[in-house]
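Undergrad: This is the structure, below, for whatever I ask next.
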Protein chains: 2
Amino acid sequence: MSDTPSADTPEDSQAVAAVLDDLAVLAIRRLSTQSDLSLTATMTLSYLDRNGPERLSVLAARQSVTQPSMTQLVQRLEREGLVCRAADDLDGRAVRVSVTDAGRALLAERRRRRRERLAEMLGTLSPGELRELTRVAGEFLPLLRRLLETTADE
Amino acid sequence: MSDTPSADTPEDSQAVAAVLDDLAVLAIRRLSTQSDLSLTATMTLSYLDRNGPERLSVLAARQSVTQPSMTQLVQRLEREGLVCRAADDLDGRAVRVSVTDAGRALLAERRRRRRERLAEMLGTLSPGELRELTRVAGEFLPLLRRLLETTADE
DNA sequence: GACGGTTGTATAAGCTACCTATGTAAATCG
DNA sequence: CGATTTACATAGGTAGCTTATACAACCGTC
(Lines give C-alpha, C1' and ligand atoms only; values in the text may rest on other atoms or scores of the structure.)
Protein backbone atom coordinates (compact mmCIF):
# COMPACT_ATOMS: atom_id res chain seq x y z
CA MET A 1 0.00 0.00 0.00
CA SER A 2 1.15 3.53 -0.72
CA ASP A 3 2.59 5.77 1.94
CA THR A 4 0.13 7.53 4.14
CA PRO A 5 0.03 11.06 2.80
CA SER A 6 0.50 13.94 5.18
CA ALA A 7 -2.61 15.82 6.22
CA ASP A 8 -3.92 18.77 4.22
CA THR A 9 -2.27 17.94 0.93
CA PRO A 10 -4.13 17.35 -2.35
CA GLU A 11 -3.20 13.68 -2.08
CA ASP A 12 -5.76 13.35 0.69
CA SER A 13 -8.46 13.13 -1.88
CA GLN A 14 -6.75 10.44 -3.98
CA ALA A 15 -7.58 7.42 -1.88
CA VAL A 16 -11.06 8.72 -1.17
CA ALA A 17 -11.62 9.46 -4.85
CA ALA A 18 -10.35 6.02 -5.81
CA VAL A 19 -12.65 4.34 -3.29
CA LEU A 20 -15.62 6.30 -4.56
CA ASP A 21 -14.72 5.47 -8.16
CA ASP A 22 -14.48 1.78 -7.35
CA LEU A 23 -17.73 1.84 -5.40
CA ALA A 24 -19.34 3.43 -8.42
CA VAL A 25 -17.95 0.68 -10.62
CA LEU A 26 -19.36 -1.80 -8.14
CA ALA A 27 -22.74 -0.14 -8.36
CA ILE A 28 -22.83 0.31 -12.08
CA ARG A 29 -21.05 -2.69 -13.39
CA ARG A 30 -21.84 -5.35 -10.88
CA LEU A 31 -25.05 -4.47 -9.11
CA SER A 32 -27.21 -3.01 -11.83
CA THR A 33 -28.54 -6.05 -13.52
CA GLN A 34 -31.90 -4.59 -14.32
CA SER A 35 -33.10 -1.53 -16.08
CA ASP A 36 -36.73 -1.54 -15.05
CA LEU A 37 -36.12 1.75 -13.23
CA SER A 38 -33.80 4.60 -14.19
CA LEU A 39 -31.47 6.10 -11.66
CA THR A 40 -33.64 9.16 -11.25
CA ALA A 41 -36.76 7.03 -10.89
CA THR A 42 -35.05 4.87 -8.29
CA MET A 43 -33.78 7.80 -6.31
CA THR A 44 -37.11 9.58 -6.52
CA LEU A 45 -38.94 6.55 -5.17
CA SER A 46 -36.33 6.13 -2.46
CA TYR A 47 -36.61 9.76 -1.49
CA LEU A 48 -40.39 9.54 -1.21
CA ASP A 49 -40.09 6.33 0.75
CA ARG A 50 -37.74 7.89 3.28
CA ASN A 51 -39.13 11.41 3.49
CA GLY A 52 -42.83 11.02 2.76
CA PRO A 53 -44.93 12.83 0.18
CA GLU A 54 -43.35 15.76 -1.58
CA ARG A 55 -44.13 18.37 -4.18
CA LEU A 56 -43.20 17.70 -7.73
CA SER A 57 -40.98 20.76 -7.95
CA VAL A 58 -39.08 19.81 -4.82
CA LEU A 59 -38.52 16.34 -6.21
CA ALA A 60 -37.14 17.88 -9.39
CA ALA A 61 -34.72 20.03 -7.42
CA ARG A 62 -33.62 17.15 -5.22
CA GLN A 63 -32.84 14.96 -8.21
CA SER A 64 -31.25 17.79 -10.16
CA VAL A 65 -33.60 17.51 -13.11
CA THR A 66 -35.93 20.09 -14.57
CA GLN A 67 -39.53 20.32 -13.53
CA PRO A 68 -40.94 19.10 -16.88
CA SER A 69 -38.69 16.03 -16.65
CA MET A 70 -39.99 15.30 -13.19
CA THR A 71 -43.55 15.87 -14.37
CA GLN A 72 -43.07 13.24 -17.04
CA LEU A 73 -41.29 10.85 -14.72
CA VAL A 74 -44.03 11.11 -12.13
CA GLN A 75 -46.61 10.53 -14.84
CA ARG A 76 -44.78 7.37 -15.92
CA LEU A 77 -44.38 6.16 -12.36
CA GLU A 78 -48.07 6.85 -11.72
CA ARG A 79 -48.99 4.87 -14.78
CA GLU A 80 -47.02 1.97 -13.38
CA GLY A 81 -48.72 2.27 -10.02
CA LEU A 82 -45.53 3.15 -8.18
CA VAL A 83 -46.56 6.65 -7.06
CA CYS A 84 -49.78 8.52 -6.65
CA ARG A 85 -50.52 12.22 -6.99
CA ALA A 86 -52.74 14.44 -4.94
CA ALA A 87 -53.51 18.14 -4.89
CA ASP A 88 -51.54 19.97 -2.24
CA ASP A 89 -53.74 21.15 0.60
CA LEU A 90 -51.96 24.45 0.99
CA ASP A 91 -51.41 25.49 -2.61
CA GLY A 92 -53.89 24.92 -5.39
CA ARG A 93 -51.18 24.82 -8.04
CA ALA A 94 -49.08 22.18 -6.47
CA VAL A 95 -49.04 18.42 -6.83
CA ARG A 96 -47.96 16.24 -3.96
CA VAL A 97 -46.44 12.90 -4.88
CA SER A 98 -46.27 9.86 -2.65
CA VAL A 99 -44.95 6.36 -3.10
CA THR A 100 -47.45 3.50 -3.25
CA ASP A 101 -47.17 0.14 -1.57
CA ALA A 102 -46.24 -1.31 -4.94
CA GLY A 103 -43.48 1.28 -5.21
CA ARG A 104 -42.21 0.36 -1.77
CA ALA A 105 -42.32 -3.30 -2.59
CA LEU A 106 -40.32 -2.75 -5.75
CA LEU A 107 -37.64 -0.81 -3.87
CA ALA A 108 -37.40 -3.55 -1.28
CA GLU A 109 -37.14 -6.24 -3.92
CA ARG A 110 -34.42 -4.39 -5.80
CA ARG A 111 -32.50 -3.83 -2.58
CA ARG A 112 -32.80 -7.51 -1.73
CA ARG A 113 -31.50 -8.52 -5.12
CA ARG A 114 -28.55 -6.18 -4.92
CA ARG A 115 -27.57 -7.47 -1.49
CA GLU A 116 -27.92 -11.00 -2.67
CA ARG A 117 -25.58 -10.32 -5.53
CA LEU A 118 -23.12 -8.67 -3.16
CA ALA A 119 -23.26 -11.63 -0.81
CA GLU A 120 -22.33 -13.84 -3.76
CA MET A 121 -19.43 -11.62 -4.62
CA LEU A 122 -18.26 -11.61 -1.03
CA GLY A 123 -18.20 -15.38 -1.09
CA THR A 124 -15.10 -15.17 -3.28
CA LEU A 125 -13.10 -13.61 -0.46
CA SER A 126 -11.23 -15.44 2.25
CA PRO A 127 -12.66 -15.30 5.79
CA GLY A 128 -9.87 -12.96 6.80
CA GLU A 129 -10.47 -10.62 3.91
CA LEU A 130 -14.17 -10.65 4.61
CA ARG A 131 -13.64 -9.79 8.25
CA GLU A 132 -11.34 -6.96 7.35
CA LEU A 133 -13.69 -5.63 4.70
CA THR A 134 -16.57 -5.76 7.17
CA ARG A 135 -14.63 -3.72 9.66
CA VAL A 136 -13.37 -1.12 7.19
CA ALA A 137 -16.61 -0.69 5.28
CA GLY A 138 -18.42 -0.28 8.57
CA GLU A 139 -16.04 2.53 9.52
CA PHE A 140 -16.21 4.17 6.10
CA LEU A 141 -19.97 4.39 5.81
CA PRO A 142 -20.65 6.87 8.60
CA LEU A 143 -17.67 8.96 7.50
CA LEU A 144 -18.95 9.14 3.93
CA ARG A 145 -22.45 9.91 5.12
CA ARG A 146 -21.07 12.73 7.18
CA LEU A 147 -19.12 14.03 4.21
CA LEU A 148 -22.22 14.03 2.02
CA GLU A 149 -24.32 15.61 4.77
CA THR A 150 -22.01 18.54 5.25
CA THR A 151 -22.13 19.34 1.55
CA ALA A 152 -25.77 18.57 0.84
CA ASP A 153 -27.18 22.00 1.72
CA GLU A 154 -27.18 23.32 -1.85
CA MET B 1 -17.84 -20.33 -3.54
CA SER B 2 -20.71 -22.76 -3.98
CA ASP B 3 -19.54 -24.81 -1.01
CA THR B 4 -21.08 -23.93 2.32
CA PRO B 5 -18.76 -21.43 4.00
CA SER B 6 -17.92 -21.52 7.68
CA ALA B 7 -20.77 -21.15 10.09
CA ASP B 8 -20.72 -17.39 10.66
CA THR B 9 -19.76 -16.30 7.17
CA PRO B 10 -23.31 -15.99 5.82
CA GLU B 11 -24.20 -13.42 8.45
CA ASP B 12 -20.98 -11.55 7.88
CA SER B 13 -21.59 -11.52 4.15
CA GLN B 14 -25.08 -10.16 4.54
CA ALA B 15 -24.08 -7.48 6.98
CA VAL B 16 -21.26 -6.19 4.84
CA ALA B 17 -23.40 -6.56 1.75
CA ALA B 18 -25.83 -4.11 3.28
CA VAL B 19 -23.04 -1.66 4.06
CA LEU B 20 -21.50 -1.99 0.61
CA ASP B 21 -24.91 -1.56 -0.94
CA ASP B 22 -25.38 1.71 0.94
CA LEU B 23 -21.89 2.85 -0.03
CA ALA B 24 -22.51 1.97 -3.66
CA VAL B 25 -25.73 3.96 -3.68
CA LEU B 26 -23.97 6.97 -2.18
CA ALA B 27 -21.16 6.69 -4.70
CA ILE B 28 -23.46 6.53 -7.65
CA ARG B 29 -25.33 9.57 -6.43
CA ARG B 30 -22.13 11.49 -6.69
CA LEU B 31 -21.73 10.52 -10.33
CA SER B 32 -25.20 11.55 -11.31
CA THR B 33 -24.36 15.23 -11.19
CA GLN B 34 -22.48 15.19 -14.48
CA SER B 35 -24.22 15.02 -17.77
CA ASP B 36 -21.98 15.97 -20.67
CA LEU B 37 -21.20 12.29 -21.21
CA SER B 38 -23.43 9.37 -20.41
CA LEU B 39 -22.18 6.61 -18.23
CA THR B 40 -21.75 4.23 -21.13
CA ALA B 41 -19.95 6.88 -23.16
CA THR B 42 -17.63 7.60 -20.26
CA MET B 43 -16.86 3.99 -19.62
CA THR B 44 -16.37 3.29 -23.29
CA LEU B 45 -13.89 6.13 -23.67
CA SER B 46 -12.08 5.04 -20.50
CA TYR B 47 -11.89 1.50 -21.74
CA LEU B 48 -10.41 2.57 -25.06
CA ASP B 49 -7.99 4.85 -23.28
CA ARG B 50 -6.74 2.05 -21.05
CA ASN B 51 -6.86 -0.89 -23.43
CA GLY B 52 -6.30 0.62 -26.87
CA PRO B 53 -8.42 0.22 -29.99
CA GLU B 54 -11.18 -2.34 -29.91
CA ARG B 55 -13.90 -3.75 -32.10
CA LEU B 56 -17.31 -2.27 -31.88
CA SER B 57 -18.90 -5.57 -30.92
CA VAL B 58 -16.41 -6.14 -28.13
CA LEU B 59 -17.12 -2.66 -26.78
CA ALA B 60 -20.82 -3.45 -26.76
CA ALA B 61 -20.24 -6.64 -24.80
CA ARG B 62 -17.92 -4.94 -22.34
CA GLN B 63 -20.45 -2.24 -21.60
CA SER B 64 -23.37 -4.63 -21.53
CA VAL B 65 -25.30 -2.85 -24.26
CA THR B 66 -26.49 -4.19 -27.57
CA GLN B 67 -24.44 -3.83 -30.69
CA PRO B 68 -26.80 -1.32 -32.37
CA SER B 69 -26.62 0.85 -29.24
CA MET B 70 -22.86 0.78 -29.39
CA THR B 71 -22.95 1.54 -33.11
CA GLN B 72 -25.00 4.62 -32.45
CA LEU B 73 -22.91 5.68 -29.48
CA VAL B 74 -19.70 5.33 -31.47
CA GLN B 75 -21.26 7.34 -34.27
CA ARG B 76 -22.16 10.11 -31.84
CA LEU B 77 -18.73 10.04 -30.21
CA GLU B 78 -17.13 10.15 -33.65
CA ARG B 79 -19.24 13.13 -34.57
CA GLU B 80 -17.93 14.86 -31.45
CA GLY B 81 -14.37 14.01 -32.33
CA LEU B 82 -13.85 11.83 -29.28
CA VAL B 83 -13.25 8.55 -31.11
CA CYS B 84 -12.26 7.51 -34.59
CA ARG B 85 -13.14 4.39 -36.55
CA ALA B 86 -11.04 2.26 -38.85
CA ALA B 87 -11.58 -0.93 -40.75
CA ASP B 88 -10.19 -3.93 -38.93
CA ASP B 89 -7.11 -5.32 -40.66
CA LEU B 90 -8.07 -8.93 -40.08
CA ASP B 91 -11.78 -8.88 -40.79
CA GLY B 92 -13.42 -6.85 -43.51
CA ARG B 93 -16.70 -6.70 -41.60
CA ALA B 94 -15.33 -5.28 -38.41
CA VAL B 95 -14.82 -1.72 -37.21
CA ARG B 96 -12.05 -0.87 -34.82
CA VAL B 97 -12.63 2.09 -32.56
CA SER B 98 -9.97 4.17 -30.88
CA VAL B 99 -10.02 7.20 -28.63
CA THR B 100 -8.75 10.50 -30.02
CA ASP B 101 -6.53 13.02 -28.27
CA ALA B 102 -9.64 15.13 -27.73
CA GLY B 103 -11.32 12.14 -26.12
CA ARG B 104 -8.33 11.62 -23.84
CA ALA B 105 -8.29 15.29 -22.94
CA LEU B 106 -11.95 15.19 -22.04
CA LEU B 107 -11.45 12.18 -19.78
CA ALA B 108 -8.56 13.91 -18.05
CA GLU B 109 -10.55 17.09 -17.58
CA ARG B 110 -13.50 15.23 -16.13
CA ARG B 111 -11.22 13.35 -13.79
CA ARG B 112 -9.65 16.62 -12.69
CA ARG B 113 -13.04 18.18 -12.06
CA ARG B 114 -14.22 15.23 -10.02
CA ARG B 115 -11.12 15.39 -7.82
CA GLU B 116 -11.54 19.12 -7.45
CA ARG B 117 -15.11 18.80 -6.32
CA LEU B 118 -14.15 16.08 -3.89
CA ALA B 119 -11.37 18.27 -2.53
CA GLU B 120 -13.94 20.98 -1.91
CA MET B 121 -16.16 18.55 -0.10
CA LEU B 122 -13.26 17.29 1.95
CA GLY B 123 -12.49 20.88 2.82
CA THR B 124 -15.67 21.01 4.88
CA LEU B 125 -14.35 18.37 7.25
CA SER B 126 -12.28 19.01 10.35
CA PRO B 127 -8.61 17.97 10.18
CA GLY B 128 -9.38 15.01 12.44
CA GLU B 129 -12.27 13.84 10.35
CA LEU B 130 -10.23 14.20 7.19
CA ARG B 131 -7.38 12.18 8.64
CA GLU B 132 -9.78 9.45 9.70
CA LEU B 133 -11.53 9.31 6.35
CA THR B 134 -8.25 9.18 4.48
CA ARG B 135 -6.91 6.45 6.73
CA VAL B 136 -10.01 4.30 6.32
CA ALA B 137 -10.14 4.93 2.58
CA GLY B 138 -6.55 3.83 2.33
CA GLU B 139 -7.40 0.54 4.02
CA PHE B 140 -10.59 0.13 2.08
CA LEU B 141 -9.19 0.60 -1.39
CA PRO B 142 -7.12 -2.59 -1.72
CA LEU B 143 -9.95 -4.67 -0.24
CA LEU B 144 -12.45 -3.18 -2.64
CA ARG B 145 -10.10 -3.73 -5.55
CA ARG B 146 -9.64 -7.33 -4.52
CA LEU B 147 -13.40 -7.82 -4.39
CA LEU B 148 -13.77 -6.39 -7.90
CA GLU B 149 -10.86 -8.54 -9.06
CA THR B 150 -12.10 -11.83 -7.69
CA THR B 151 -15.50 -11.28 -9.22
CA ALA B 152 -14.38 -10.06 -12.62
CA ASP B 153 -16.55 -11.65 -15.23
CA GLU B 154 -13.90 -12.40 -17.81
C1' DG C 1 -15.40 -23.12 -56.16
C1' DA C 2 -20.20 -23.24 -54.49
C1' DC C 3 -23.17 -23.18 -50.79
C1' DG C 4 -25.15 -22.74 -46.27
C1' DG C 5 -24.49 -21.04 -41.84
C1' DT C 6 -22.38 -17.67 -38.83
C1' DT C 7 -20.60 -13.27 -37.67
C1' DG C 8 -20.11 -8.04 -37.65
C1' DT C 9 -22.14 -3.95 -38.42
C1' DA C 10 -25.71 -0.48 -40.09
C1' DT C 11 -30.34 1.12 -40.13
C1' DA C 12 -35.21 1.54 -38.74
C1' DA C 13 -38.69 1.94 -35.42
C1' DG C 14 -40.13 2.33 -30.74
C1' DC C 15 -39.71 3.70 -25.88
C1' DT C 16 -37.57 6.13 -21.96
C1' DA C 17 -35.53 10.12 -20.16
C1' DC C 18 -33.71 14.07 -20.34
C1' DC C 19 -33.61 19.19 -22.19
C1' DT C 20 -35.69 24.00 -23.58
C1' DA C 21 -39.70 26.64 -24.79
C1' DT C 22 -44.22 27.79 -23.98
C1' DG C 23 -48.82 28.11 -21.94
C1' DT C 24 -52.21 28.28 -18.14
C1' DA C 25 -53.71 29.01 -13.63
C1' DA C 26 -52.89 29.89 -8.77
C1' DA C 27 -50.50 32.59 -5.52
C1' DT C 28 -48.04 36.67 -3.92
C1' DC C 29 -46.87 41.44 -3.50
C1' DG C 30 -47.17 46.45 -3.57
C1' DC D 1 -56.53 45.14 -8.20
C1' DG D 2 -52.85 44.59 -11.54
C1' DA D 3 -48.24 43.05 -12.17
C1' DT D 4 -45.23 39.61 -11.15
C1' DT D 5 -43.93 35.19 -9.59
C1' DT D 6 -44.65 30.41 -8.89
C1' DA D 7 -46.17 25.55 -9.98
C1' DC D 8 -47.17 22.45 -13.21
C1' DA D 9 -48.50 20.56 -17.96
C1' DT D 10 -47.52 20.04 -22.76
C1' DA D 11 -44.83 20.17 -27.09
C1' DG D 12 -40.87 19.29 -29.67
C1' DG D 13 -36.14 17.83 -29.89
C1' DT D 14 -31.94 14.85 -28.84
C1' DA D 15 -29.61 11.10 -26.49
C1' DG D 16 -29.60 6.43 -25.38
C1' DC D 17 -31.33 2.31 -24.97
C1' DT D 18 -34.10 -1.91 -27.05
C1' DT D 19 -35.65 -5.38 -30.86
C1' DA D 20 -36.03 -6.43 -35.70
C1' DT D 21 -34.08 -6.56 -40.00
C1' DA D 22 -30.81 -6.18 -43.87
C1' DC D 23 -26.45 -6.72 -46.00
C1' DA D 24 -21.85 -8.20 -46.58
C1' DA D 25 -17.76 -10.65 -45.00
C1' DC D 26 -16.12 -14.81 -43.24
C1' DC D 27 -15.78 -19.87 -42.40
C1' DG D 28 -16.39 -24.76 -42.94
C1' DT D 29 -17.89 -28.50 -45.68
C1' DC D 30 -18.59 -30.87 -49.86
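Undergrad: Given a 1.4 Å probe and no ligands, DNA or RNA in the count, how much accessible surface is buried by A and B, both sides, to the nearest 100 Å²?
TA: About 5800 Å² of accessible surface is lost on pairing.
Undergrad: From the phi angles alone, apply the Karplus equation (6.51, -1.76, 1.60; θ = phi - 60°) to segment B:40-53 and give each ³J(HN,Hα) in whole Hz, x where the residue is Gly or Pro.
TA: Result, ordered by residue: 5, 4, 4, 5, 5, 4, 4, 4, 5, 4, 7, 9, x, x Hz.
Undergrad: In the neighborhood of A:GLY52, defined by Cβ-to-Cβ distances under 15 Å, what is the net charge if each Lys or Arg adds +1 and each Asp or Glu adds -1?
TA: Spelling it out: positives minus negatives among the neighbours equals +1.
Undergrad: What is the angle, in °, between the Cα long axis of helix A:12-25 and the longest principal axis of the Cα atoms in chain A? Nearest 10 is fine, range 0 to 90.
TA: It works out to around 60 degrees.
Undergrad: Each residue of segment B:123-134 in order: what ³J(HN,Hα) in whole Hz does its phi give by Karplus 6.51 cos²θ - 1.76 cosθ + 1.60, θ = phi - 60°, with x for Gly and Pro?
TA: After applying 6.51 cos²θ - 1.76 cosθ + 1.60, I find x, 7, 8, 6, x, x, 4, 4, 4, 5, 4, 5 Hz.
Undergrad: Counting pairs of Cα atoms in segment B:62-154, how many percent are more than 20 Å apart?
TA: 64
Undergrad: Using a 7 Å offset from the Cα along the Cα-to-Cβ direction at both B:ARG85 and A:ALA108, what is the distance between the two label points in nm, to one decimal?
TA: So the label points at B:ARG85 and A:ALA108 sit 4.8 nm apart.
Undergrad: Now, a different point. Using amide H atoms built 1.01 Å from N in the peptide plane, name the residues 5+ places from A:THR100, or on other chains, whose amide H lies under 5 Å from its own.
TA: Long-range HN contacts for A:THR100: A:VAL83, A:CYS84.
Undergrad: Based on the alpha-carbon gyration tensor of segment B:9-122 and its eigenvalue square roots a ≥ b ≥ c, which shape applies: rounded if a/c is under 1.5, prolate if not and a/b is larger than b/c, or oblate?
TA: oblate
Undergrad: Rg (Å, one decimal) plus Dmax (Å, integer) for the alpha carbons of the protein assembly as shown?
TA: Cα only, the protein assembly as shown: 21.4, 69 Å (Rg, Dmax).
The values are calculated or read from the model by the stated rules, or taken from the named source; none is laboratory data. As the structure is a computational prediction, the values presented were derived from the model and not from experiment. Note that each Cβ is placed from the backbone with ideal geometry, even for glycine, and that neighbours are counted across all protein chains shown. Remember, those area values only see protein heavy atoms, side chains included, never the ligands or the DNA or RNA. Shrake-Rupley method; radii C 1.70, N 1.55, O 1.52, S 1.80 Å.
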